[in-house]
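Heads up: the structure comes next, in structure tokens.
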Amino acid sequence: LRKTLDERVIPMLEYWIDPIRCKNVDASNLVHAHLIYLFKNYTYEEFDYRSISVLLTSQVYLSINHRFSNKAYDDLADSSDPSKPPPSIQIAQSEIFDIIQGKRYHILQYMKNNPEDADAAMEAVVRIATGTGPRALTDRQKQMKQRRWKSIGHPTCYGRFVPDTEDEKLRDGSYRKPKAGENFEKWMLRVTTKEVGIEVNVQISEFTLQNHKMMLLDPTIMKHKDFQHTRETVLADATDVACAEVVHTTNRYHWRLVGQRYDVMSWAPDKRNYHDIKGALNRDYTRKFPTSLRPGETWIAEVLLEKLPLILPEVTLFMSANDMSNMPYAHLMGWIQNPSKGDSNFTHTLKEVMVSHNPPVITVFNVKEYGRRHLRTLEYTSNMSLCLHEVSGEPYPDRVGGVLAMSGGIPMTTVTPEPSLIITRALNSEMGTQTHIPSRFLAGLIPACLVEKYIFWQSEDDNIIGYEISNKIENVSEIGVDSESSTRLKITLAKHKGSDNSGFCNTIADGLVQRIAMVDSEEESENVDKNRPTLTLLNIATAPAGSLLKQIGMLLSRLDNLSQVLVWSESEVVDAQQPCSIDIIELPRVNLSFRAKRVEKIDGSVEHRLYSNDNDGLYISTSTNARDLVEKLLGSIDHFIVLQNEDNDLFVLIPGCALPRRLHVDGSHLSVQVLLDRRNQEWINNMGEIRCYLYPVHSSKSFLITPSLASSMYLMVMYFITGAYQEVYKMVESCVSEDLTSEELQIFNQLEFLGNDNHPDAHACRLKLSAVTVGLGESAMKCPWSVYEEMLEYV
């Protein structure tokens, strides 16, 4: 009989009350009562993990969900209407109490002698009490590192178990010692309501969180944008989640997600007017721009002074006392006035302006309060190609420091107070408490491709860890040569001297960004893959003008925006200012990567080359002659790099995942600027895995060889956009097919947007294209213009 109960009955009962299947609390109460009864005759010698975990979980579940009668002799005596009795567990409650009381001492003794089983049993209690899982571990829960549970180290607290993620003073019982000047009432309030976080009291079968009852997390929190990743990954996209209030004050509500090791804090808007508070603008920023510039700092005025009234009207900027004469960038701050809104006293928004020297770029951030911390959000860049983040909205042409580029964003935006949501977690005692950093607060600080690939948590030492986002959750582009295995991004902050006591996050720090290869993808794992090197990210945006890093960065910006370019060093780096080698280059959006190699030539000289990992034997050419030759062949097309092999054969590499458009920069339709939309996801998806076109240069050095129909069509469209009509006319016959792929079709469709080109040669090119496609039928390559009108305009 015992064997049947153990092997068949107990698993069947637990299957019935699995939270995923059973939502009926009364039925679950009934089953839990019978599970307790099945262990009535167990002796201490028969105890094992299953027996104590079933007894503990069922006790706690009943204490939370079943209303025991206060009449010891009859459950029905509590009912005002005997015809409608309360839900019954079909076992006398005195019998249940007797079993629980009789087993309590043996349970505590077993837990003391078998701490690992005790830890697992406590975690089972948390799952059952919170409805987050069954008593047996799920696959995901098995992968989580198990917490250590111990009874609070005080004589009056034996049997009150807390995990090792709780405060050490709580675990050793010292929290019960009265504090200086604390009376009995305050002491009692503190030790009974405020000190204890998560606790399982085996003595009275009680599960508590800060002594607060459980509830469902507010729907507005569930829908909050900063909660979505936690909801999708940790909560399996649940519609509801149990929580318990930890504390609430005038401006903050603090909830704990029971059984999940996550906390949520909702902050009310901070309605203080920062403009009136001394220290909100960094006290070190005392030099007024431009009147306080040093002679060597005139480059800042050359870039910013003419543009400032247009992008930040009536804003006075201030600089620190540091000499920026030879710096690659300058940092300025100032207040912009908010539009007046009724009775709001929030009058100004703090702006941060980054001015890069060569090439000239202006980047504008807003400083925004978030959970009473002050973080920056990117609002504007004067050059989308050289910014580490792609600002939302349509780019537009703008000229800064004499350089015409595509700008993005609105520089004069302002902020108003709004609620914020802080998410923290304590997965284990080694990791400590981590705070989630939403990706918008990292925009413009590290390349966007890393912000998209990782979820970021800030540790108690202020360093930031990026955990790789599972591709099951988000379709994120793979990054680099070791993307098949899990990696982790570690951002180590090296704070500058001095301390900031203003409370407005004005401390300055350098960030050392490193990618660490991991054996597995579990966030609690610290198993570093020793077979792969730790890579340190090099910052192209702040590299000195003329440096090798800057030159390589400017070259790679022809293939993609710097937000999608990663330059790594395998050198052992411990300081953000330390010189190091350039070893690996990755461009994840165009699916390209390069590796540096040291090559010893026949004459004994040594050359360092960047070899392509995707095109065997080809490396980036540094020859000026090769560059000049290709520029003559491509004309005004400039988003390319030149590759070569050991035989000095030349190849032109053009990224195809940039949607090309023509932008007229004046009203004459004669001067044009090529607009490359590198963010169009539909265009990129139609490209497939190979997102670049490789054109061999013919041995005669007089033309390019187009190896595929798509590469021919793309080059033809680029010639058309840049006004190289003679080249278009030559290529038309090689750009025809009865059956087009999605990649080829989207390229052909771009000709529709060139229909307003009224140059006579443009009409001739369209007429020839109509002539060579006329026999293909209506369904293939139907030209989006009228042959009659084109002929009329041409003549």
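The values are calculated or read from the model by the stated rules, or taken from the named source; none is laboratory data. Model, not experiment: these values are computed from the prediction. For neighbour counting, all protein chains shown are included, and Cβ atoms are generated from backbone atoms with ideal geometry for every residue, glycine included. We work out accessible area using only protein heavy atoms, side chains counted, and drop any ligands, DNA or RNA first. Shrake-Rupley method; radii C 1.70, N 1.55, O 1.52, S 1.80 Å.
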Query raised in the report: What number of residues within the stretch 774-792 satisfy the criterion of being in contact with a Lys or Arg (Cβ under 8 Å, 6 or more places away or on another chain) and under 25 Å from ASN686 (Cα atoms)?
Result: 2
Requested in this report: Please work out which residue is farthest from LYS632 (Cα to Cα), limiting yourself to the stretch 709-735 and to residues that are in contact with a Leu (Cβ under 9 Å, 6 or more places away or on another chain) and of a type in the set (Phe, Trp, Tyr).
Outcome: PHE720
Report task. Output the residue which, of all residues in the stretch 625-634 that are of a type outside the set (D, E, K, R) and surrounded by 12 or more Cβ atoms within 10 Å (Cβ to Cβ), is nearest to GLU607 (Cα to Cα). Result -> ALA626
**Report entry** Output for the stretch 392-447, where each listed residue is under 24 Å from the mean Cα position of the chain (by Cα), part of a loop (DSSP other than H, G, I, E, B) and hydrophobic (A, V, I, L, M, F, W, C)
**Finding:** ILE410, VAL415, ALA426, LEU427, MET431, LEU442, LEU445
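Right, GLU744: in a helix (DSSP H, G or I), open to solvent by 70 Å² or more (accessible area, probe 1.4 Å) and closer than 22 Å to GLY656 by Cα or not? Steps first, please.
Details: in a helix (DSSP H, G or I): yes; open to solvent by 70 Å² or more (accessible area, probe 1.4 Å): no; closer than 22 Å to GLY656 by Cα: yes.
Considered against the rule, which asks whether it is in a helix (DSSP H, G or I), open to solvent by 70 Å² or more (accessible area, probe 1.4 Å) and closer than 22 Å to GLY656 by Cα, GLU744 comes out as no.
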**Report entry** Pairs, first under 30 Å from SER521 (Cα atoms) and of a type in the set (A, V, I, L, M, F, W, C) in the stretch 144-157, second part of a strand (DSSP E or B) and at pLDDT 75 or above, C-beta under 9 Å, six or more apart
**Finding:** TRP149/PHE161; TRP149/VAL162; TRP149/PRO163; TRP149/VAL200
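Within the stretch 609-624, which residues are exposed (fewer than 12 other Cβ atoms within 10 Å of the Cβ) and either part of a strand (DSSP E or B) or of a type outside the set (Ser, Thr, Tyr) (or both)?
At the first step, the residues of the stretch 609-624 found to be exposed (fewer than 12 other Cβ atoms within 10 Å of the Cβ) are 616, 624.
Across the stretch 609-624, the qualifying residue is only ASP616.
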Query raised in the report: What number of residues within the stretch 1-49 satisfy the criterion of being small (Gly, Ala, Ser), open to solvent by 30 Å² or more (accessible area, probe 1.4 Å) and modelled with pLDDT of 85 or more?
Result: 0
Report summary line: From the option list VAL315, VAL367, single residue qualifying as over 29 Å from the mean Cα position of the chain (by Cα) and within 22 Å of VAL415 (Cβ to Cβ) is VAL315
Query raised in the report: Going through the stretch 753-773 one residue at a time, which ones are assigned to a helix (DSSP H, G or I), in contact (Cβ under 8 Å) with a residue 40 or more places away in the chain and open to solvent by less than 40 Å² (accessible area, probe 1.4 Å)?
Result: LEU754, ALA762, CYS765
Requested in this report: Taking PRO290 as meeting all but one of (1) surrounded by 15 or more Cβ atoms within 10 Å (Cβ to Cβ); (2) part of a strand (DSSP E or B); (3) not polar (S, T, N, Q), write down the number of the exception.
Outcome: (2)
Query raised in the report: In the list THR298, THR349, which residue meets the criterion of being open to solvent by less than 80 Å² (accessible area, probe 1.4 Å), free of Cβ contacts under 8 Å to residues at least 12 places away in the same chain and not in a loop (DSSP other than H, G, I, E, B)?
Result: THR298
Query raised in the report: For ARG256, which of the numbered conditions (1) closer than 30 Å to ILE96 by Cα; (2) surrounded by 13 or more Cβ atoms within 10 Å (Cβ to Cβ) fails to hold?
Result: (1)
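For every residue, the table says whether it meets (1) in a strand (DSSP E or B); (2) closer than 23 Å to TYR714 by Cα; (3) among the small types (Gly, Ala, Ser); (4) in contact with a Pro (Cβ under 7 Å, 6 or more places away or on another chain).
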residue: LEU559; (1), (2), (3), (4): no, yes, no, yes
residue: VAL573; (1), (2), (3), (4): no, no, no, no
residue: PHE594; (1), (2), (3), (4): yes, no, no, no
residue: GLU607; (1), (2), (3), (4): yes, no, no, no
residue: ALA626; (1), (2), (3), (4): no, yes, yes, no
residue: LYS632; (1), (2), (3), (4): no, yes, no, no
Requested in this report: Scan the stretch 760-773 for residues that are of a type outside the set (Lys, Arg) and within 15 Å of PHE748 (Cβ to Cβ) and jot them down.
Outcome: CYS765, LEU769, SER770, VAL772, THR773
Report summary line: Those residues of the stretch 217-251 that are open to solvent by 60 Å² or more (accessible area, probe 1.4 Å) and either within 22 Å of PRO438 (Cβ to Cβ) or among the small types (Gly, Ala, Ser) (or both) come to a total of 9
Query raised in the report: Which of the residues spanning the stretch 715-733 are open to solvent by 60 Å² or more (accessible area, probe 1.4 Å) and within 18 Å of VAL774 (Cβ to Cβ)?
Result: TYR729, GLU733
Query - Every residue from the stretch 427-454 that is among the hydrophobic types (A, V, I, L, M, F, W, C), open to solvent by less than 20 Å² (accessible area, probe 1.4 Å) and at pLDDT 90 or above - result: ILE437, PHE441, LEU442, ALA443, ILE446, ALA448, CYS449, LEU450, VAL451
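Looking for whichever is open to solvent by less than 20 Å² (accessible area, probe 1.4 Å) and either without any contact (Cβ under 8 Å) to a residue 60 or more places away in the chain or in a loop (DSSP other than H, G, I, E, B) (or both) here; the options are ILE540, ILE552. Which one fits? If you could, list the steps in order and put the result at the bottom.
Values: ILE552 fails: open to solvent by less than 20 Å² (accessible area, probe 1.4 Å).
From the options ILE540, ILE552, the qualifying one is ILE540.
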Query - Pairs where the first residue, in the stretch 495-509, is of a type in the set (Lys, Arg) and the second is modelled with pLDDT of 80 or more, C-beta under 9 Å, 6+ apart - result: LYS495/ASP462; LYS495/THR507; LYS495/ILE508; LYS495/ALA509; LYS495/ASP510
Query - Unique residue being in contact (Cβ under 8 Å) with a residue 40 or more places away in the chain, in contact with an Asp or Glu (Cβ under 7 Å, 6 or more places away or on another chain) and open to solvent by less than 10 Å² (accessible area, probe 1.4 Å) when the list is VAL400, VAL364 - result: VAL364
Report task. Go through the stretch 142-173 residue by residue and tally those that are at pLDDT below 75 and farther than 17 Å from SER429 by Cβ. Result -> 3
Query raised in the report: Looking at the stretch 378-397, which of the residues that are among the hydroxyl-bearing types (Ser, Thr, Tyr) and surrounded by 18 or more Cβ atoms within 10 Å (Cβ to Cβ) is farthest from TRP335 (Cα to Cα)?
Result: SER385
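Considering the stretch 302-322 alone, what residues qualify as being surrounded by fewer than 18 Cβ atoms within 10 Å (Cβ to Cβ), touching a residue at least 12 places away in the same chain (Cβ under 8 Å) and part of a helix (DSSP H, G or I)? Spell out how you get there, then give the answer.
Residues of the stretch 302-322 that are surrounded by fewer than 18 Cβ atoms within 10 Å (Cβ to Cβ), as a first pass: 302, 305-306, 309-310, 313-314, 316, 318, 320-322.
If we keep only those that are touching a residue at least 12 places away in the same chain (Cβ under 8 Å) too, we end up with 302, 305, 313-314, 316, 318, 320-321.
Once the filter is applied, which keeps residues that are surrounded by fewer than 18 Cβ atoms within 10 Å (Cβ to Cβ), touching a residue at least 12 places away in the same chain (Cβ under 8 Å) and part of a helix (DSSP H, G or I), the stretch 302-322 yields only GLU302.
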Query raised in the report: Has the stretch 375-392 got at least one residue that is in contact (Cβ under 8 Å) with a residue 12 or more places away in the chain, more than 23 Å from GLN673 (Cβ to Cβ) and aromatic (Phe, Trp, Tyr)?
Result: no
